[in-house]
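The values are calculated or read from the model by the stated rules, or taken from the named source; none is laboratory data. Note that the structure is predicted; figures quoted are calculated from it, not measured. We place every Cβ from the backbone using ideal geometry, glycine too, and count neighbours over all the protein chains shown. The area values use the complete protein model at the heavy-atom level, side chains included, leaving out ligands, DNA and RNA. Shrake-Rupley method; radii C 1.70, N 1.55, O 1.52, S 1.80 Å.
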Amino acid sequence: NAYETEAMQQLLENAGYETVPFEEGADVYVINTCTVTNIADRKSRQMLHKAKKMNPDAIVVATGCYAQADTEKLKEDTAVDLILGNNQKTQIVEALEEYAENRRWDCSTAWMIEWTFEGSPKSGQESRRCREPNPLSIWNV
C-alpha cells in the first residue's frame with residue numbers, strides 16, 4: 001500500500017497538486033484503503049469520514065482494497081466522492097479532472113464519478129458546492 005500511495009502522490013504532484021499534511025485540511029483527500037481485517041475496514045471508513053468532516057467541500061477519493069471490495073457500500077456513503085479500485089490508481093489524475101470538470105459545468109451540483117473496474121466512468125448527480133481540487137492530502141490506511 002505504501003508504494004502505491006507514493007506512486008499516486010507522484011502522479012498527482014506531477015499534475016500540479018500540492019501535498020499538505022492531513023491535519024491542515026485540503027481540497028482533495030485520497031484515502032488508500034485496506035481490507036485485510038474488520039479493523040482495517042473500520043479504520044478506512046473512519047479516515048474517509050474524518051476527511052469529509054475536516055472539509056465538507058473537499059473531494060474525498062476512496063481507493064485500494066476496501067474501495068474495490070465494498071464498492072456498493074461506499075456508493076451510499078456521503079463522505080465519498082470518487083471510488084477507484086486497485087487497477088485504477090494510475091488513472092487518479094484523469095478521474096479527478098473529470099470530476100472537477102463536471103463540477104465546473106454546474107456549480108449548484110457536483111457529480112459522483114464511480115470508475116468501473118474496467119476503467120470506464122459512470123456518473124450520477126449529487127448535491128455539493130464547487131471548488132477547484134487543490135491542495136491535496138494523501139493518506140495510506
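By how many nm would the segment from residue 76 to residue 15 grow when fully extended, if each residue of separation counts as 0.36 nm and the alpha-carbon distance is taken off?
Numbers: separation 61, 0.36 × 61 = 21.96 nm, distance 2.94 nm.
Length gained, residue 76 through residue 15: 19.0 nm.
Between residue 29 and residues 5 or more places away or on another chain, which pairs have amide H atoms under 5 Å apart, with H built 1.01 Å from N, and which residues are they?
The answer is 59, 60, 61, 137.
How much length is gained if the chain between residue 24 and residue 101 is pulled fully straight, taking 0.36 nm per residue apart and subtracting their Cα-Cα distance, in nm to one decimal?
Numbers: separation 77, 0.36 × 77 = 27.72 nm, distance 2.51 nm.
So the extension gain works out to 25.2 nm.
For the range 1-108, report the accessible area per residue in Å² (1.4 Å probe, heavy atoms, rounded to an integer).
Working: 5250 Å² over 108 residues.
Heavy-atom SASA per residue in the range 1-108 reads 49 Å².
What is the set of long-range amide H partners of residue 18 at a cut-off below 5 Å, with H atoms built 1.01 Å from backbone N?
136
Just order 78-89, 5-16, 45-56 by mean Cβ neighbour count inside 10 Å, highest at the front, would you?
On the way: 78-89: 21.0, 5-16: 15.2, 45-56: 17.6.
Ranked from most to least packed, the peptides come out as 78-89, 45-56, 5-16.
I'd like the Karplus ³J(HN,Hα) series for the range 5-20: coefficients 6.51, -1.76, 1.60, θ = phi - 60°, whole numbers in Hz, and an x wherever there's a Gly or Pro.
Here the 3J(HN,Hα) series is 4, 5, 5, 5, 4, 5, 4, 5, 5, 4, 8, x, 7, 10, 7, 10 Hz.
Take the alpha-carbon positions of the range 1-44, form their convex hull, and give its projected area averaged over all directions (one quarter of the hull surface) in nm².
The Cα convex hull of the range 1-44, projected and averaged over all directions, gives 3.6 nm².
With labels modelled as points extended 7 Å from the Cα through the Cβ direction, what inter-label distance (nm, one decimal) is found for residue 4 paired with residue 49?
2.3
I'd like the distance separating the alpha-carbon centroids of the range 9-40 and the range 60-96, in whole Å.
That distance is 12 Å.
Given the alpha-carbon gyration tensor of the range 7-73, what are the semi-axes of its equivalent ellipsoid in whole angstrom, ordered largest first, with each equal to the square root of 5 times an eigenvalue? Numbers along the way, then the final one.
Numbers: eigenvalues 90, 43, 20 Å².
Taking √(5λ) for each eigenvalue gives 21, 15, 10 Å, largest first.
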